[in-house]
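All of the numbers you see were taken from the coordinates with simple rules; none came from a lab. No experiment lies behind these values; they were computed from the predicted model shown. Using ideal geometry, Cβ is built from the backbone for each residue, glycine included, and neighbour counts are taken over all protein chains shown.
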């Protein structure tokens, strides 16, 4: 029987993952779709819903131990207790592990590791330390290996509609398949919880996460009162920068929940259907009235150089930090001169939009923004 881990226990476990400090913790699809542009346009999806206490979910059950679970491709019947679960993407692996349930196969969003996950702690960012045994590598979330999935014989497949939709028909012939909404982590958690019979744990987890956010809002209140205006940018090298039009996703929505005000270039049409837009470095001086900049960095190149997860944050951010420090425009900004530019791996908040990612992102923000000057 799997036991639920509380967010505090999750944090302790993740602190032990790969020996990382939380201040060093660290979408091409996670940054490409979730924050920037991409092969499929997540930017056009509806914004993430904040964690809520409403227990209502579009799920039904019958007396025979079978339940119909609604998801992005209709409704799927799940019977009994799934034991062999394949997961496509970190945003689905996160809620499964938060509920204390282990997968047998996993497809990351980026090929950080080749071959099976024989040592998940060193091969899967952030979440690997919560996986208790070797599991199969079933390809990429957007391009899963059907052959490998068939070989390991799952009884449940979990994924995200915006990434794995083109494979749904094939996957659903292998095993019951739920493709969930990335932008609604609350309902995704509830659907997964119903599938694995962890509904009470899910509601407790949601309540605990909301309490964490409320407590953090009080912690950040003095800082948000003095330095309320924040620019949040996604970039790998300053040449391709993206800024959100809307608080779509945990990376930006959590900042607003904490009491900060996101700053945008003058004249930006925030009513545009696209959630993000490209930004040239020459525009940055128009954002100089911002008190702080948060750079959501990513580096999905040079993956062969990433031998172990202890270096994940450095791998994701080192080049971006160097570019920022060497550029005359960025160094001329008041926030740079005041030391209020912060670098966070985009994978952290974009890849993990649920309870674990929320807790880690909150800790990262505390470590950086509240550090003594």
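Structure notes:
- Residues 358, 118, ranked from the fewest to the most other C-beta atoms within 10 Å, line up as 118, 358.
- The value obtained for the stretch 137-252, namely the Cα convex hull volume divided by the number of residues, is 157 Å³ per residue.
- Reciprocal mean inverse distance between Cα atoms of the stretch 108-173 - Kirkwood radius, Å: 12.7 Å
- Length available on full extension from residue 328 to residue 211: 0.36 nm per residue minus the Cα-Cα distance, which gives 37.9 nm.
- Among 94, 200, the ranking by other beta carbons within 10 Å of each residue's beta carbon, starting with the fewest, stands as 200, 94.
- Footprinting exposure proxy for 68, 309 (fewest neighbouring C-beta atoms within 10 Å first): 68, 309
- Residues in the stretch 100-128 reached by a label modelled at residue 311 [backbone nitrogen below 16 Å; 7 Å Cα→Cβ]: 112-114, 122-125
- Residue separation of residue 170 and residue 225 scaled by 0.36 nm, minus their Cα-Cα distance, works out to 14.6 nm of gained length.
- Between the C-alpha center of the stretch 176-230 and that of the stretch 91-151 there is a gap of 22 Å.
- Average Cα contact separation per residue, the stretch 115-231, under 8 Å, 6 or more apart, as relative contact order %: 13 percent
- Per residue, the convex hull spanned by the Cα atoms of the stretch 73-200 amounts to 99 cubic angstrom.
- The stretch between residue 367 and residue 148 holds 74.8 nm of extra length on full extension. This uses 0.36 nm per residue minus the Cα-Cα distance.
- Cα extents of the stretch 303-357 along the three principal axes, largest first (Å): 34, 29, 14
- For the stretch 202-250, the calculated P(r) over all alpha carbon pairs, in 10 Å bins from 0 to the bin holding the longest distance, is 19, 31, 34, 15, 1 percent.
- Stokes-Einstein, applied to the Kirkwood radius of the stretch 150-210 over Cα pairs at a viscosity of 1.002 mPa s and 20 °C, places its translational diffusion at 171 µm² s⁻¹.
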